[in-house]
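Down below is the structure, laid out as structure tokens.
Values quoted throughout were computed directly from the atomic coordinates according to the rules given, and no laboratory measurement underlies them. The shown structure was predicted, so the numbers you read here are calculated from the model rather than taken from an experiment. So basically every Cβ, Gly included, is an ideal-geometry build from the backbone, and we count neighbours across all protein chains shown.
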Amino acid sequence: MNQLTSLEPLVDETRRGQIVRRLRELIVKGSVEPGQKLTETQLAEKLGVSRAPLREAIRELVESGLVESIPYKGLFVRNVTRRDLEELYSLRTALEQFAFRECWENRTETAKQDLIRRHDALIEEIANGKDPQRAIELELVLHSWCYELSGHKLLLKSWEQMKPNLQFYFILHQKAHNRCGPLREAHDIYVKSAIGDDLDAMLGHLHDHMRQGLQRTLKDVDFE
């Protein structure tokens, strides 16, 4: 029996992944707006794909929270309320502070260098300025560091569940400021504190970092 047949599903999965990435890209670039209705026919025509992998991609986007499926009405790009952002920030702050408490004693030199590399990759993508979605992904990779290093399985699972909501927030934030990713210096203090010796300073910076991000977003994003 040809064992390579076990690789066949990867082709379909990759195709679906390409469609998911393209749809996310359309949202990031403003081609589709929060609250906008989507139809399979229009999307299939716009993307040049068949309906089967498109439906799989849409299902993934619905599960991640970027697209809403409303019975008898159809598919819509997710909208966001002020309360949504406030809840997301408060929970994210609490989880990330907990992650740093858990990972603090696990910060080897190798781990610290890993964080620096993640930061460098984000800075490089910001400077490149060509792929807003990639900048979002790299910002999430940077923030994933403390969760991964914590060794706390439930905490990491909670972070993975939160990431799609954070991704949508980053999309709104980028569009509001018309830029690719955060400011070049946005995570300098974050990284310096994360590899430093003062846990209380790290926790304090996290609180301020998150609060300032929320205030800027609430100021610049239009809510219906």
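Comparing Ile171, Leu95, Leu38 along the charge dipole axis of the chain, the residue lying farthest to the positive side is Leu38, per the Cβ-charge model.
Starting from the Cα gyration tensor of the stretch 129-201, take the square roots of the eigenvalues, sort them a ≥ b ≥ c, and report rounded, prolate or oblate (rounded when a/c is under 1.5, otherwise prolate if a/b is larger than b/c, else oblate). Show your work: numbers first, answer last.
Details: a/c = 2.52, a/b = 1.32, b/c = 1.91.
Taking the square roots of the gyration eigenvalues as a ≥ b ≥ c, the stretch 129-201 is oblate.
Here the simple spin-label model places points 7 Å from the Cα toward Cβ, and for Tyr72 and Ala121 these points are separated by 4.7 nm.
Pairs from the table (Lys163/Lys219; Lys46/Lys73; Lys130/Lys153; Lys46/Lys219; Lys130/Lys157; Lys163/Lys192) lying more than 27 angstrom apart at Cα are Lys130/Lys153; Lys46/Lys219; Lys130/Lys157. Under 16 Å of direct C-alpha separation, and excluding same-chain neighbours fewer than eight residues apart, Lys37 reaches these aspartates and glutamates: Glu45, Glu68, Glu224.
Label point 7 Å out from Asp208 along Cα-to-Cβ: which residues of the stretch 77-107 have amide N under 19 Å? Counting backbone N atoms under 19 Å from the label point, the list is 90, 93-94, 96-98, 100-101. Just one of [x] 13.0; [y] 15.2; [z] 17.1 is mean projected area of the Cα convex hull in nm² as worked out from the coordinates here. Which one is it? Answer label, from the structure shown: [y].
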